[in-house]
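A short worksheet on the structure shown next.
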């Protein structure tokens, strides 16, 4: 039986941000749901009007949604996660429409493995908005809507 949207989101939250504290996990959940509810650009087409599964499994977006990375097995994937109540609570919070206000409409995040976040990501379609824990978050520029 396929995993529900709630289960997929809880597992993705745990996998992508389980060590980032509550705000870090809420930030990742916010990005996923911002993509689901995007009004234009690539993510609006991918979500097809609100499909969480399409957003999570869009190729090359979330390392945790892939069982293989660079041709090798990825043991840290959503199928190997065992979400705890906090992960479900945050998934429910995000699905209900809640977001961290400091993120704006952030559509991207990544861990730079350094103390600095680059000003744009990816390329010129996103601009840096904030850092939470180890992740840098990016809002869309007007160029994103041409993607």
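Where a number appears in this text, it was derived from the coordinates with a stated rule and is not lab data. Only a predicted model underlies this, so the values are computations on that prediction, with no experimental measurement involved. Using ideal geometry, Cβ is built from the backbone for each residue, glycine included, and neighbour counts are taken over all protein chains shown.
Is it the case that some residue within region 70-91 is closer than 17 Å to residue 108 by Cβ and more than 10 Å from the chain's Cα centre (by Cα)? No, region 70-91 contains no residue that is closer than 17 Å to residue 108 by Cβ and more than 10 Å from the chain's Cα centre (by Cα). Just so you know, in region 17-45 the residues that are without any contact (Cβ under 8 Å) to a residue 60 or more places away in the chain and under 14 Å from the mean Cα position of the chain (by Cα) include one that is surrounded by the fewest Cβ atoms within 10 Å (Cβ to Cβ), and it is 37.
In region 92-105, what count of residues is obtained for those that are in contact with a helix residue (DSSP H, G or I) (Cβ under 6 Å, 6 or more places away or on another chain) and closer than 14 Å to residue 25 by Cα? Steps first, answer last, please.
If we filter region 92-105 for residues that are in contact with a helix residue (DSSP H, G or I) (Cβ under 6 Å, 6 or more places away or on another chain), which is where we start, we get 94, 99-100, 103, 105.
Cutting the leftovers down to closer than 14 Å to residue 25 by Cα gives us 94, 99-100, 103.
The qualifying residues number 4.
Residue-by-condition table, conditions (1) closer than 24 Å to residue 42 by Cβ; (2) touching a helix residue (DSSP H, G or I) at 6+ places or on another chain (Cβ under 6 Å); (3) surrounded by 14 or more Cβ atoms within 10 Å (Cβ to Cβ):
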position	(1), (2), (3)
70	yes, no, no
75	no, no, no
79	no, no, no
85	no, no, no
90	no, yes, yes
110	yes, no, yes
114	no, no, no
121	yes, no, yes
129	yes, no, yes
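The numbered conditions (1) assigned to a helix (DSSP H, G or I); (2) in contact with a helix residue (DSSP H, G or I) (Cβ under 8 Å, 6 or more places away or on another chain); (3) more than 18 Å from residue 126 (Cβ to Cβ) are all true for residue 28 except (3). Only one entry of 105, 48, 61 meets the criterion of being free of Cβ contacts under 8 Å to residues at least 12 places away in the same chain and surrounded by 14 or more Cβ atoms within 10 Å (Cβ to Cβ), and that entry is 61. Look at (1) without any contact (Cβ under 8 Å) to a residue 40 or more places away in the chain; (2) out of contact with any strand residue (DSSP E or B) (no Cβ under 9 Å at 6 or more places or on another chain); (3) exposed (fewer than 14 other Cβ atoms within 10 Å of the Cβ) and you find that residue 146 fails only one, number (1).
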